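Here's a structure for you.
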Amino acid sequence: MCGIVGAVAERNVTPILLEGLRRLEYRGYDSAGIAVLNNDNCISRVRRVGKVKQLSDALESNAIRGTMGVAHTRWATHGEPSENNAHPHVCNQSVVIVHNGIIENHSELREQQANAGFSFTSQTDTEVAVHQIEHYLTQQGDLLSAVRSAVADFDGAYALGVMSNSTAESKRLIATRRGSPLVIGVGIGEYFIASDAAALLPVTRRFIYLEEGDIADIQIDALVIYDEKGEVVQREIKESELSADATAKGEYRHYMLKEIHEQPSCLVDILEGRVVDGRLLDSAFGVGAEKILDQVKAVQIIACGTSYHAGLVASYWLEALAGVPCRVEVASEYRYRETVLLDDTLVVTVSQSGETADTLAALREIKEKTNLTLSICNVPESSLVRESELKLMTRAGPEIGVASTKAFTTQLLTLLMLVAALGKRRQLSHEKIKTLFQQALSLPVLIDSILKQKDAIDEWAEDFTELHNAIFIGRGTLFPIALEGALKLKEISYIHADAYPAGELKHGPIALIDQELPTIAIACKDGFEGKIKSNIQEILARGGHVYLFADERIKLSDLGENCRVMSIPAVDAELAPVLFAVPLQLFSYFVAVRKGTDVDQPRNLAKSVTVE
């Protein structure tokens, strides 16, 4: 979603803000802007539609300087992408704001403000927010009080950076959050704010993560944080382990390709210190995990997008391996319907960012019913992690590409750890758990061997350059992987793709089969490979073309020339989802490259969906 950067310093902050925006490009956006207070205490603002590069180019011909400023990348919610709708927004040449989130009652506030004489230059809910703050600043004469009064009027989610050029406020940056992430970077004699710590790594590695409802009063020589009750609080300063180059592409053409190649090392990192001699340590799930896990009789997984697909795989594992009933639901549906949560159900929320709006909202509602909550996440300081009783980090490191790759496979392996933790309390023997983790430790080598086949996968991708539709099929635990493969192809190549359990073809989708609709199939050695082979033959008999990724042990010599086969290294069926995800990632990547799309920042998408 939208990205926020802000700074208060003794030096010119324009380069810092611009670099911060570059580091937030992965979040997805359609316009960018920057505003600083110059030496004459006047607001200088530049906004552009398009990429940060367009903003940077504009600043070369219209250089602005200042020791305090805010910047923003916007993902349109209210109002089309345009320069007028781009942030920062300014009211009466006095108050400047950047905003991530949605002010849901903006229509009512806009009407009130119009009646009070405010004029509007944009279609955004954010302009309503800056007008409201300016209104209170005029009345109260204090920026902190004005922000506190204004946010009390807002319904919805927000992270705000606010500054003013009024004489008393000219070295003061106010930051607040509710429902959208915001961090404070602590420098030497300077402070910064950002939606993501990664934006500030070139200037600091020390961060304060604001909690829900916090308001920070940031000045050049002081920082005071108030909680949602208005009381002064101390928030811990945490040292980031990330380096400034952790988010660099290095030798790779795209972040997505880099992150696909990082998966072997990420999967190794997951198990380190958590599995000893094939035995999973309950302490990996956090303080008090043993007592909570002992209570669990069922699991409810809540997630969105790619994380939802990981949850679907886990549901197969939990029931087949651990003997634990499991339900999986998309967070945006779960939070808006009447639900029944059975006693002793562990609620597992899965999110790469830990800031997914629907998943967070679902967790907050569930916490009113139970404390049996576990978050599986990649960001240790995220809201989801802080608000869950138990937590298990995926240790994937920064993922910049919008299309999730290493976050997905690390979620799968992390969920397998949950399966082992619950399974050992029921029907899963120590020997079986040990075998599972031994197989998991072999995955990096197997994935490396798939990465060496990328040229062959690229060759397949050439056939899809001019196509507009595709079908993915799989069975068992590979059905969710088919869903994930279809999602990846849609996200970055803009090819319409659907996925089905292979046995469902005869119940409707087979009517679509012809020479123009290819099928991507995946098959592991699970005892049911004969079934999917029959499904493939049904497709071929109707003139369809099949691209099959199959376990090297499956005999497929009789499928004919319209079925192209690529062998995948042998792996136990339980671990097949992790392995088979990789060639589908590569396939989608190469199709997108051949089609010339923006692989890392596909149109209309954001990395972290922090608003509904």
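The stretch 489-509 to the stretch 285-339: how many Å between their Cα centroids?
Between the Cα centre of the stretch 489-509 and that of the stretch 285-339, the gap is 25 Å.
Starting from the Cα of Lys171, draw a straight line to each of the aspartates and glutamates and keep only those under 13 Å, dropping any in the same chain fewer than 8 residues away.
Glu10, Asp40, Asp142, Glu190, Asp217, Asp221
Let me ask something additional. Give me the distance between the Cα centres of the stretch 113-147 and the stretch 553-577, rounded to whole Å.
62 Å
Which value, in debye to the nearest 20, describes the size of the charge dipole of the stretch 319-466 about its Cα centre when Lys and Arg Cβ atoms bear +1, Asp and Glu Cβ atoms bear -1, and nothing else is charged?
900 debye
Take every Cα-Cα distance within the stretch 455-572, group them into 10 Å bins from 0 onward, and report for each bin the whole-number percent of pairs it holds.
So the P(r) values, bin by bin, are 14, 50, 33, 3.
While we're looking at this one, here's another question. Which aspartates and glutamates, on any chain, are close to Lys488 with Cα under 16 Å apart, when same-chain ones fewer than 8 places away are left out?
Glu259, Glu399, Asp458, Asp498, Asp598, Asp600
Put Phe207, Phe120 in order of accessible area, largest first, 1.4 Å probe: what do you get?
Order by accessible area, largest first: Phe120, Phe207.
Between 0 and 90 degrees, rounded to the nearest ten: what's the tilt of helix 106-115 against the longest Cα principal axis of the chain?
The helix 106-115 is inclined about 20 degrees to the chain.
Now, a different point. In the stretch 88-234, how does Rg compare with the Kirkwood Rh, expressed as the Rg/Rh ratio over alpha carbon atoms?
My calculation puts Rg/Rh at 0.96.
I need the semi-axes of the equivalent ellipsoid of the chain: take the C-alpha gyration tensor, multiply each eigenvalue by 5, square-root it, list largest first in whole angstrom.
45, 28, 21
Semi-axes of the stretch 1-148's equivalent ellipsoid from the Cα gyration tensor, sqrt of 5 times each eigenvalue, largest first, rounded to whole Å?
24, 19, 13
Hey, another quick one. Stokes-Einstein diffusion coefficient for the stretch 272-338 at 4 °C in a medium of 1.567 mPa s, Rh from the Kirkwood formula over Cα pairs: what value in µm²/s?
Translational D for this selection: 95 µm²/s.
Now, a different point. Mind putting together the pair-distance distribution for the stretch 206-327? All Cα pairs, 5 Å bins, whole percent per bin, short to long.
In order of increasing distance, the bins hold 2, 7, 8, 11, 14, 15, 13, 14, 10, 3, 1, 0 percent.
Right, next: Based solely on C-alpha atoms, express the radius of gyration and the Dmax of the stretch 272-398 in angstrom.
Every Cα atom of the stretch 272-398 included, Rg and Dmax give 13.8, 44 Å.
If you place +1 on the Cβ of every Lys and Arg, -1 on the Cβ of every Asp and Glu, and leave all else neutral, what size is the dipole of the chain about its Cα centre, to the nearest 20 Debye?
With only Lys, Arg, Asp and Glu charged at Cβ, the dipole is about 780 debye.
Do me a favour and compute the ellipsoid semi-axes for the stretch 483-531 from its Cα gyration tensor, root of five times each eigenvalue, largest one first, whole Å.
21, 16, 9
May I have the extent of the alpha carbons of the stretch 156-279 along their three principal axes, as whole Å values ordered from largest to smallest?
Principal extents (largest minus smallest coordinate, Cα): 59, 38, 33 Å.
Kindly state, as a whole number, the per residue volume in cubic angstrom of the convex hull around the alpha carbon atoms of the stretch 182-239.
69 Å³
What is the set of long-range amide H partners of Val324 at a cut-off below 5 Å, with H atoms built 1.01 Å from backbone N?
Amide H to amide H, under 5 Å and 5 or more residues apart or across chains, Val324 pairs with Glu319.
On C-alpha positions alone, give me the angle between the axis of helix 576-595 and the longest principal axis of the chain, in degrees, nearest 10.
On a 0 to 90 degree scale, this one is about 60.
May I pose another question? Which pairs break 30 Å Cα to Cα here: Lys238/Lys432; Lys369/Lys490; Lys51/Lys490; Lys249/Lys533; Lys249/Lys367?
Lys238/Lys432; Lys369/Lys490; Lys249/Lys533; Lys249/Lys367
Please report how far the C-alpha centroid of the stretch 181-200 lies from that of the stretch 426-486, rounded to the nearest whole angstrom.
If you average the Cα positions of each part, the centres end up 38 Å apart.
Quick check: the angle from helix 14-23's long axis to the longest principal axis of the chain, C-alpha only, nearest 10 degrees?
Taking Cα atoms only, the helix is inclined about 20 degrees.
The values are calculated or read from the model by the stated rules, or taken from the named source; none is laboratory data. Treat the numbers as computed from the prediction; the structure is a model and nothing was measured. Quick reminder, even Gly has a Cβ in these numbers, built from the backbone with ideal geometry, and neighbours come from all protein chains shown. The area values use the complete protein model at the heavy-atom level, side chains included, leaving out ligands, DNA and RNA. Shrake-Rupley method; radii C 1.70, N 1.55, O 1.52, S 1.80 Å.
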